[in-house]
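Chemist: Next up is a structure, given as structure tokens.
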Amino acid sequence: MKKAAIIGAGIGGLSSAIRLAVKGYRVDVYESNKSYGGKMKEMSMKGFRFDMGPSLLTMPEKLDELFYLANKNPRDYFSYSKLSEGCRYFYEDGTVINGYTDSKKFAHEVNKKTGVSEKLIIKHINKNLFLFDSTSFLFLEKSLHKIKTYFSFRVFIAFLKLPFLQIFESMNTVNKRRFNNEKIIKIFNRFATYNGSNPFKAPAILNSISALEFNKGAYYPDKGMFSIASALFKLCKDLGVIFHFKTTIEKISVENNIANGVFVNKEIKFFDVIICNQDIYFVYKKLLPQRYVLKSFLTQERSSSALIFYWGINKGFENLNLHNIFFSNNYNEEFKNISENNQIYKDPTVYINITSKMTRKDAPNNCENWFVMINTPNDKGQDWESLIAKARNNIIKKINRVLKINIEDYITCEELLTPQLIESTTQSFRGSLYGSSSNSRASAFFRHPNFSNRISNLYFCGGSVHPGGGIPLALSSSKIVDELIS
């Protein structure tokens, strides 16, 4: 029986373990933390439960696929519901736009609230769907770093479409040209944050991300986001995958340019295949011999990070939904502060996720669990104590202005996640949420490949390598690795 070692029990690591176990490998997963899930964790305090990491589920068929591969019914492990409203958007002039996932219903809502033509909204959404359908099979399903990828008719057709794929303009440039309305521009620009990018720099091809919400649909796992990780973990166990928690891999053994094992407690364990579900920066810095370090990947621009407050709120808010965005008055200045000045803007865009809207037991009666997040720069040694204090104050001021309340009167408990904590708890360099940034036209091609060009039997999955961060992309990375091993 062939043996595989997987370093890291995040979503990419769990899905890789499932794929190899289905193929008959003995799979050992090594995780330095005490539990599975990577960034997808949960926390409870004073009767409130919080999903601590990813909060939106798209492309759930990528999850279901893993269970079908194992001849299991995914509904025996977890279930999810399609959302009629992806997000609710709030502006300080009192405008509220319901982001319906039905594109026609959303277009009607936008027209009613802003006067923007319904046909214009539908046309924009359809163009973004064209971007997604034209490129997703290549960027999400194939290794961009293998020559054979490009020798297919489908890829040839995709390259013929390049002039129409908006890779030479920024998201904001395209969205501003199509809409003469700042409210709508902000809605479509915000999809850049799905992979930690700046819409004023990122190529407009990233507008394709909006197709996931307005065309493919947004979903919610019925027991919360952490139930995804729990379902994958249970499937791993059912397939005989062996887990080693609170176990740190000291280094990867390489002989004659072949990865043949890992060192644990100064003892080598031999394997036929090694898959790293860990930030590629730390793989090079800690696990591989210096002669194999690719310095270009150590110096790449990193994606943005986040500051998250977990608040237990002893009040219900009927005007809020599962996902809520309170937009900054100056989106451009906010991103300039994050990506250029490495600071937090005084008027940040605030995202509030309230899972108790869907899973009532996530909060006590007449209470809500608020996951309150703003985008921040990654950690470059800033004075975070001062930044966090100012940011908390500005977040509260913004919520109070928009909802016309004093939210501090209702906060009964609080926990905090910072860029520094994100790095220390998830081994994400500088606390970046999505590995390297996607702020350049060629960023997709510059992401680390899912295999090593110099070391045989060594593969990489997860958010810091191709195709990027987020649940669907992490799942895609494990599928690419599976095909490369095959």
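Chemist: Could you tell me how many of the residues in segment 217-230 are crowded, with 23+ Cβ neighbours inside 10 Å and out of contact with any strand residue (DSSP E or B) (no Cβ under 6 Å at 6 or more places or on another chain)?
Modeler: Summing the residues that are crowded, with 23+ Cβ neighbours inside 10 Å and out of contact with any strand residue (DSSP E or B) (no Cβ under 6 Å at 6 or more places or on another chain) in segment 217-230 gives 1.
Chemist: Pick from segment 378-396 the residues that are touching a residue at least 60 places away in the same chain (Cβ under 8 Å) and assigned to a loop (DSSP other than H, G, I, E, B): which of them is most open to solvent (accessible area, probe 1.4 Å)?
Modeler: Filtering first and then ranking leaves D379.
Chemist: For segment 56-108, which positions are buried (at least 18 other Cβ atoms within 10 Å of the Cβ) and free of Cβ contacts under 8 Å to residues at least 24 places away in the same chain?
Modeler: Result: Y100, A107.
Chemist: Also, I was wondering about something else. I399: buried (at least 19 other Cβ atoms within 10 Å of the Cβ), at pLDDT 95 or above and out of contact with any strand residue (DSSP E or B) (no Cβ under 6 Å at 6 or more places or on another chain), yes or no?
Modeler: The answer is yes for I399.
Chemist: Something else: Does at least one position in segment 141-155 carry a residue that is of a type outside the set (K, R), open to solvent by less than 80 Å² (accessible area, probe 1.4 Å) and modelled with pLDDT of 65 or more?
Modeler: In the first step, residues of segment 141-155 are kept if they are of a type outside the set (K, R); the result is 141, 143-145, 147, 149-153, 155.
Checking the rest, the ones that are also open to solvent by less than 80 Å² (accessible area, probe 1.4 Å) come to 141, 143-145, 149-150, 152, 155.
With modelled with pLDDT of 65 or more added as a condition, the list becomes 141.
Yes, segment 141-155 contains a residue that is of a type outside the set (K, R), open to solvent by less than 80 Å² (accessible area, probe 1.4 Å) and modelled with pLDDT of 65 or more.
Chemist: Sticking with this one: Kindly evaluate F243 against the criterion of being open to solvent by 20 Å² or more (accessible area, probe 1.4 Å), in a strand (DSSP E or B) and touching a residue at least 24 places away in the same chain (Cβ under 8 Å). I'd like the intermediate steps shown before the answer.
Modeler: On the way: open to solvent by 20 Å² or more (accessible area, probe 1.4 Å): yes; in a strand (DSSP E or B): yes; touching a residue at least 24 places away in the same chain (Cβ under 8 Å): yes.
It is true that F243 is open to solvent by 20 Å² or more (accessible area, probe 1.4 Å), in a strand (DSSP E or B) and touching a residue at least 24 places away in the same chain (Cβ under 8 Å).
Rundown of residues vs (1) farther than 22 Å from S15 by Cβ; (2) modelled with pLDDT under 95, yes/no style:
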residue: T247; (1), (2): no, no
residue: I268; (1), (2): yes, no
residue: D272; (1), (2): no, no
residue: Y281; (1), (2): no, yes
residue: K295; (1), (2): yes, yes
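Chemist: Do any residues in segment 404-428 that are assigned to a strand (DSSP E or B) have Cβ atoms under 7 Å from those of residues that are polar (S, T, N, Q), where the two are at least six apart or on different chains, and which pairs are they?
Modeler: Matching pairs, first to second residue: T412/N314.
Chemist: Right, next: Please tell me if N375 is more than 20 Å from S432 (Cα to Cα), in contact (Cβ under 8 Å) with a residue 60 or more places away in the chain and assigned to a strand (DSSP E or B).
Modeler: no
Chemist: Just one of I338, I325, I344 is aliphatic (A, V, I, L, M), touching a strand residue (DSSP E or B) at 6+ places or on another chain (Cβ under 7 Å) and in a loop (DSSP other than H, G, I, E, B); which is it?
Modeler: Values: I338 fails: in a loop (DSSP other than H, G, I, E, B); I325 fails: in a loop (DSSP other than H, G, I, E, B).
Just one listed residue meets the conditions, I344.
Chemist: Run N457 past the list (1) surrounded by fewer than 18 Cβ atoms within 10 Å (Cβ to Cβ); (2) more than 14 Å from I280 (Cβ to Cβ) and report the number of the one that doesn't hold.
Modeler: (1)
Chemist: Which condition does S436 not pass, out of (1) more than 13 Å from the chain's Cα centre (by Cα); (2) more than 24 Å from I228 (Cβ to Cβ), if it passes all the others?
Modeler: Going through (1) more than 13 Å from the chain's Cα centre (by Cα); (2) more than 24 Å from I228 (Cβ to Cβ) one by one, S436 breaks only (1).
Chemist: Could you tell me how many of the residues in segment 204-216 are open to solvent by 10 Å² or more (accessible area, probe 1.4 Å) and not charged (D, E, K, R)?
Modeler: 6
Chemist: What pairs come up if the first residue lies in segment 175-192 and is open to solvent by 10 Å² or more (accessible area, probe 1.4 Å), the second is assigned to a helix (DSSP H, G or I) and of a type in the set (A, V, I, L, M), and their beta carbons are under 6 Å apart, counting only those six or more places apart or on different chains?
Modeler: K176/I185
Chemist: Next question. Taking the condition modelled with pLDDT of 95 or more and part of a helix (DSSP H, G or I), does K183 pass? It would help to see each step written out before you state the result.
Modeler: Details: modelled with pLDDT of 95 or more: yes; part of a helix (DSSP H, G or I): yes.
Yes; evaluated as a whole, the condition is true for this residue.
Chemist: Something else about it: Checking S16 against (1) surrounded by fewer than 16 Cβ atoms within 10 Å (Cβ to Cβ); (2) more than 30 Å from I411 (Cβ to Cβ): exactly one of these is not met. Which one?
Modeler: The failed condition is (1).
Chemist: May I ask you to say which residue of Y310, Y351 is assigned to a strand (DSSP E or B) and open to solvent by 10 Å² or more (accessible area, probe 1.4 Å)?
Modeler: Selected residue: Y351, the only one of Y310, Y351 that is assigned to a strand (DSSP E or B) and open to solvent by 10 Å² or more (accessible area, probe 1.4 Å).
The values are calculated or read from the model by the stated rules, or taken from the named source; none is laboratory data. These figures come from a predicted structure and were not determined experimentally. FYI the Cβ positions are ideal-geometry reconstructions off the backbone, even for glycines, and counts take in every protein chain you see. Keep in mind that these areas ignore ligands, DNA and RNA; they rest on the heavy atoms of the full protein, side chains included. Shrake-Rupley method; radii C 1.70, N 1.55, O 1.52, S 1.80 Å.
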